[in-house]
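Take a look at the structure below.
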Amino acid sequence: MSDDRTLGEVMTSRGVSRRAFLKYASYLATAMALPASATSVIAQSLATARRQSVIWLSFQECTGCTESITRSYSPTLEDLIFDFISLDYHHTLMSVSGAAAEHAREQAMKDNKGKYIVIVDGSVPIKDGGIYSTIAGVTNEQMLKDTVKDAFAVVSVGTCAAFGGIPHANPNPTGAVAVSDIIKDKPIINIPGCPPIPEAMTGTIAYLLSFGKLPELDKLNRPLAFFGESIHDRCYRRPFYERGMFADSFDDEGARKGWCLYKVGCKGPIAYNACATLKWNGGISFPIQSGHGCLGCSEPNFWDKGSFYKPLAAATAGINAEVGAAAVVGAAIGATAAQIIKKRRQDVADRAIKKVEG
């Protein structure tokens, strides 16, 4: 529960060196797209801050978000983040249950009024009075409202909490909605994904603790540091896209050579997430690298946007737009200059393709 020690004191008592602490601060600054000068600010802020009370509510979910955050891989990150916070309530990770668990949540709210963070994973059913998911006899909707009343901020982790996710998909029998459809008077950060990348979750929590404010967000309230670019923007297969080299099926020559997967349904051009840079499983791989197109799981209503295995009209439009833009440039600056630009782009793409193909 509450702990009067600063994080610096907690780190020292647990044998965490100053070097490791600064290394984490440097990693956080990089992950959140902050300048190098922010490292010292983060380190100083964290060292003098108190442990942050966190209440984690799990509603209509599969526990995938919890599984993901426990697999955070960066050096000392998992240990540090659980030292940074006091995880006062979490169905899966807490040792107590029943009345004792609910008492822990209520006590954390009382002891940290106005300061605690509420993390929510899972959508909230509201149909028929919310009877489709209850905890200790209380509907998810009522527990959410009661818990966030005196919170500093709310973090919706996973696409279910952020946008409704799979429970919200047609025909949505439970009337599942996103957290933001219910809570209107608190700052909300959305960290979507099915599940979300662990470093996106831990990095955002550490940012809140370091700076005492929300990170820069996009129009869907997602941290720009992790959701500012599409997967297509950073995808290592993009050189093939630029050259018009696409796999037509999952077992053809193009697929075996690692060509672009847009024709077999990749949603990378419209999915905003850091999968292509942070990756998964210790930074080893991500779905596209493993040979499967992006499902766009970090976007609203991804489950209802048609087949996962049919090409995006948006991707086709993007190719046509690039061709059209090249024609406009060629007409404006002359055929010779246009050929030079084309040759340079082709050389870059060729080098990238050779690197991918070994």
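Within segment 12-30, the set of residues being in a loop (DSSP other than H, G, I, E, B) and free of Cβ contacts under 8 Å to residues at least 40 places away in the same chain comprises G15, S17. Hey, could you check segment 163-191 for residues that are touching a residue at least 60 places away in the same chain (Cβ under 8 Å) and not in a loop (DSSP other than H, G, I, E, B) and say which is nearest to D146 (Cα to Cα)? It comes out as A176.
A quick yes/no check of all residues on (1) on the phi < 0 side of the Ramachandran plot; (2) outside the structural domain of M201 (by TED's automatic domain parsing); (3) at pLDDT below 95:
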residue	(1), (2), (3)
G293	yes, yes, no
I319	yes, yes, yes
G334	no, yes, yes
I340	yes, yes, yes
R344	yes, yes, yes
A349	yes, yes, yes
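Pairs meeting the criteria (first residue in segment 256-272 and under 22 Å from P192 (Cβ atoms), second residue of a type in the set (V, I, T) and buried (at least 24 other Cβ atoms within 10 Å of the Cβ), beta carbons under 6 Å, at least 6 apart or on different chains) are G268/I231; A271/I231.
Here's the yes/no breakdown for (1) surrounded by 12 or more Cβ atoms within 10 Å (Cβ to Cβ); (2) in contact with a Ser or Thr (Cβ under 8 Å, 6 or more places away or on another chain); (3) modelled with pLDDT of 80 or more:
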position: G64; (1), (2), (3): yes, no, yes
position: S68; (1), (2), (3): yes, no, yes
position: S72; (1), (2), (3): yes, yes, no
position: E78; (1), (2), (3): yes, yes, no
position: F84; (1), (2), (3): yes, no, no
position: H91; (1), (2), (3): yes, yes, yes
position: G98; (1), (2), (3): no, no, yes
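Within segment 212-251, the set of residues being among the acidic types (D, E) and touching a Lys or Arg at 6+ places or on another chain (Cβ under 9 Å) comprises E242, D248. Of the residues contained in segment 207-219, none is found to be free of Cβ contacts under 8 Å to residues at least 24 places away in the same chain, more than 30 Å from S37 (Cβ to Cβ), over 12 Å from the mean Cα position of the chain (by Cα) and not in a helix (DSSP H, G or I). Number of residues in segment 88-103 that are of a type in the set (A, V, I, L, M) and over 15 Å from V54 (Cβ atoms): the value is 3. Figure legend. Inter-residue proximity from segment 39-59: first residues within 23 Å of S13 (Cβ to Cβ), second residues basic (K, R) and not in a helix (DSSP H, G or I), beta-carbon distance below 9 Å, spacing 6+ or different chains. Indicated pairs: R50/R5; R50/K115; R51/R5; Q52/K115; S53/K115. Picking from residues in segment 184-227 that are under 19 Å from C62 (Cα atoms) and β-branched (V, I, T), the one that is surrounded by the most Cβ atoms within 10 Å (Cβ to Cβ) is I191.
Looking across segment 290-304, the residues that are assigned to a loop (DSSP other than H, G, I, E, B) and in contact (Cβ under 8 Å) with a residue 12 or more places away in the chain come down to G291, H292, G293, C294, L295, G296, C297, S298, E299, P300, N301. Here E9 qualifies as part of a helix (DSSP H, G or I), surrounded by fewer than 22 Cβ atoms within 10 Å (Cβ to Cβ) and at pLDDT below 85. Taken over segment 105-125, the residue count meeting the criterion of being in contact (Cβ under 8 Å) with a residue 40 or more places away in the chain and surrounded by fewer than 18 Cβ atoms within 10 Å (Cβ to Cβ) is 3. The residue of segment 20-49 that is nearest to K145 (Cα to Cα), among those that are more than 22 Å from the chain's Cα centre (by Cα), surrounded by fewer than 17 Cβ atoms within 10 Å (Cβ to Cβ) and not small (G, A, S), is T48.
Can you pull out every residue in segment 164-180 that is in contact with a Phe, Trp or Tyr (Cβ under 6 Å, 6 or more places away or on another chain) and over 18 Å from V154 (Cα atoms)? Walk me through how you get there before you give the answer.
From segment 164-180, those in contact with a Phe, Trp or Tyr (Cβ under 6 Å, 6 or more places away or on another chain) are 166, 169, 174, 178; that's our starting set.
Listed by number, the residues that qualify are I166, A169, T174.
Taken together, I231, I205, I189, I183 contain a single residue that is modelled with pLDDT of 95 or more and over 14 Å from S298 (Cα atoms), which is I183. Within segment 141-156, can one find any residue that is over 19 Å from I189 (Cα atoms), out of contact with any strand residue (DSSP E or B) (no Cβ under 8 Å at 6 or more places or on another chain) and not in a strand (DSSP E or B)? The answer is yes, given that some residue of segment 141-156 is over 19 Å from I189 (Cα atoms), out of contact with any strand residue (DSSP E or B) (no Cβ under 8 Å at 6 or more places or on another chain) and not in a strand (DSSP E or B). Residue under question is N281, and the condition is that it be at pLDDT 50 or above and out of contact with any helix residue (DSSP H, G or I) (no Cβ under 7 Å at 6 or more places or on another chain); does it hold? Against the criterion (at pLDDT 50 or above and out of contact with any helix residue (DSSP H, G or I) (no Cβ under 7 Å at 6 or more places or on another chain)), N281 qualifies.
The values are calculated or read from the model by the stated rules, or taken from the named source; none is laboratory data. Everything numeric in this text was worked out from a predicted model, so none of it was measured. Please note: Cβ atoms are built from the backbone with ideal geometry, for glycine as well, and neighbour counts cover all protein chains shown.
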